[in-house]
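First comes the structure, then the notes that go with it.
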Amino acid sequence: LKKILKKLLKKEESILKINKHVNKNGTLLFAESLDRGAQGILAKHSQSHYTPGTSKMWLQIEPESATLKNTVKLSHLERVWWPEEGFTKGDIVAYYQEIAPLIIPYLVDRPQSLNRHPHGVHGESFFHKNMVGYLPPWIQTHKVSSKSSGRSINYLLCQDKESLLYMINMGCIELNPWLSRVGSLEYPDFCVIDLDPDDNPFSQVVEVALKTHEILNHLSIPNFCKTSGATGLHIVIPLTPNTPFEESRLFAWSVVQKIQKIFPRITSIERTPSKRRHKIYLDFLQNRKSQTLAAPYCIRPRKLATVSTPLAWSELTPSLHPSAFNLRTISQRIAEKGDLWQETIKIQGVELKNFVESSALKDD
């Protein structure tokens with residue numbers, strides 16, 4: 001039929017246009033038509049004839065009469081993303097569908113730096129920040145001026161289950177949100193200390209984390225811990241609103257200096273990897289605008305599909321290992337323990353400026 005129409009319509013005809021054939025969900029097609037400036041679409045029953053006048057076999061869909069439900073078209077769910085473990089893209093999608101209510105509060109309103117693995121953990125990966133070109137109309141983005149490039153970057157915001165699945169469908173195995181949110185991008189919600197080992201046994205990471213916990217508790221500062229999903233641990237401190245990044249970074253610097261002096265043999269504040277061999281890097285520099293941290297409960301693109309998992313401090317023992325928290329075990333753990341980090345987004349944060357010069361952070 002389209003071949004006949006192309007012959008009948010003259011090239012100079014501007015009212016009618018022939019589009020390529022599309023095989024899409026009707027809701028998504030309608031959303032795209034609105035995004036392109038059309039008033040709506042006409043739907044025709046496949047068995048109806050072209051007759052003059054109105055007919056029940058034709059349906060005109062306009063913004064005033066249609067209710068849109070955000071729809072994500074998932075593709076290649078059978079694609080194997082972890083060859084050794086046998087996990088497919090469909091397995092990852094199913095996991096994020098299951099935990100969407102749990103993980104979204106840690107993502108909403110935070111610019112996302114997309115780390116895409118469209119062909120799985122052994123395929124080529126790349127970071128994608130600037131969302132340009134066509135996007136579903138229900139996807140929210142936020143432009144942030146970049147001083148280094150002199151241009152604006154249009155970051156994706158993960159506001160709901162549909163936008164979460166949209167990211168996963170693009171190959172975002174892990175989720176990397178900012179520490180601050182739209183409306184207060186200069187002010188982080190958390191101060192972060194990242195314990196990043198070289199070839200150290202994980203028992204040493206646990207030892208350092210527990211000492212950090214002890215110091216923060218002595219200051220009556222609430223602090224929480226999770227596995228990075230890789231080889232280390234993340235310690236976070238919820239902050240009061242309007243705490244600038246500089247203040248957060250100075251506090252983290254004070255803490256890691258104290259820790260490094262307690263563990264000079266196994267820790268380092270040296271940024272250059274070659275100069276901190278066989279030591280745990282005490283990373284305080286995450287506390288900067290646009291820096292990201294693996295979200296709680298996100299899968300990391302590593303062996304076993306390990307998950308960045310919130311921990312109770314009592315779980316940090318010499319026998320603990322982050323590989324125990326992975327795609328096969330995480331659902332049962334959540335069912336048994338719930339969200340151990342939910343308090344981080346509920347409690348009143350800490351006013352850090354009163355602690356930077358604390359005697360507890362000075363040399364003994």
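The values are calculated or read from the model by the stated rules, or taken from the named source; none is laboratory data. Keep in mind the model is a prediction, meaning the values are calculated, not measured. Quick reminder, even Gly has a Cβ in these numbers, built from the backbone with ideal geometry, and neighbours come from all protein chains shown. Ligands, DNA and RNA are excluded from the accessible area calculation, which covers all protein heavy atoms including side chains. Shrake-Rupley method; radii C 1.70, N 1.55, O 1.52, S 1.80 Å.
Numerical summary
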{"read-out": "Residues that are open to solvent by 30 Å² or more (accessible area, probe 1.4 Å) and either in contact with a helix residue (DSSP H, G or I) (Cβ under 6 Å, 6 or more places away or on another chain) or within 22 Å of Gln342 (Cβ to Cβ) (or both), drawn from segment 190-210", "value": "none"}
{"read-out": "Residue match in segment 340-347 (condition: open to solvent by less than 40 Å² (accessible area, probe 1.4 Å) and acidic (Asp, Glu))", "value": "no"}
{"read-out": "Residues located in segment 76-126, provided they are charged (D, E, K, R) and in a loop (DSSP other than H, G, I, E, B)", "value": "Glu78, Arg79, Glu84, Glu85, Asp109, Arg110, Glu124"}
{"read-out": "Residue match in segment 290-309 (condition: at pLDDT below 95 and part of a helix (DSSP H, G or I))", "value": "no"}
{"read-out": "Test set (1) at pLDDT 95 or above; (2) in contact with a strand residue (DSSP E or B) (Cβ under 7 Å, 6 or more places away or on another chain) - Ile262 fails condition number", "value": "(2)"}
{"read-out": "Residue under evaluation Lys161, criteria (1) in contact with a helix residue (DSSP H, G or I) (Cβ under 6 Å, 6 or more places away or on another chain); (2) modelled with pLDDT under 95, criterion not met", "value": "(2)"}
{"read-out": "Residues within segment 278-293 that are within 19 Å of the chain's Cα centre (by Cα) and either open to solvent by 10 Å² or more (accessible area, probe 1.4 Å) or of a type in the set (Lys, Arg) (or both), tallied", "value": "7"}
{"read-out": "Residue check, Leu102 of a type in the set (A, V, I, L, M), open to solvent by less than 10 Å² (accessible area, probe 1.4 Å) and over 21 Å from Ser184 (Cβ atoms)", "value": "no"}
{"read-out": "Some residue of segment 299-318 being without any contact (Cβ under 8 Å) to a residue 12 or more places away in the chain, loosely packed, with under 14 Cβ neighbours inside 10 Å and farther than 30 Å from Gln97 by Cβ", "value": "yes"}
{"read-out": "Filter result (over 14 Å from Lys129 (Cα atoms) and aromatic (Phe, Trp, Tyr)) within segment 141-175", "value": "Tyr166"}
{"read-out": "For Thr243: the one exception among (1) hydroxyl-bearing (Ser, Thr, Tyr); (2) open to solvent by less than 10 Å² (accessible area, probe 1.4 Å); (3) closer than 22 Å to Val307 by Cβ", "value": "(3)"}
{"read-out": "Residue among Ser184, Ser163 that is surrounded by fewer than 19 Cβ atoms within 10 Å (Cβ to Cβ) and of a type in the set (Ser, Thr, Tyr)", "value": "Ser184"}
{"read-out": "Candidates Leu107, Leu114, filtered to the one that is in contact with a His (Cβ under 8 Å, 6 or more places away or on another chain) and among the hydrophobic types (A, V, I, L, M, F, W, C)", "value": "Leu114"}
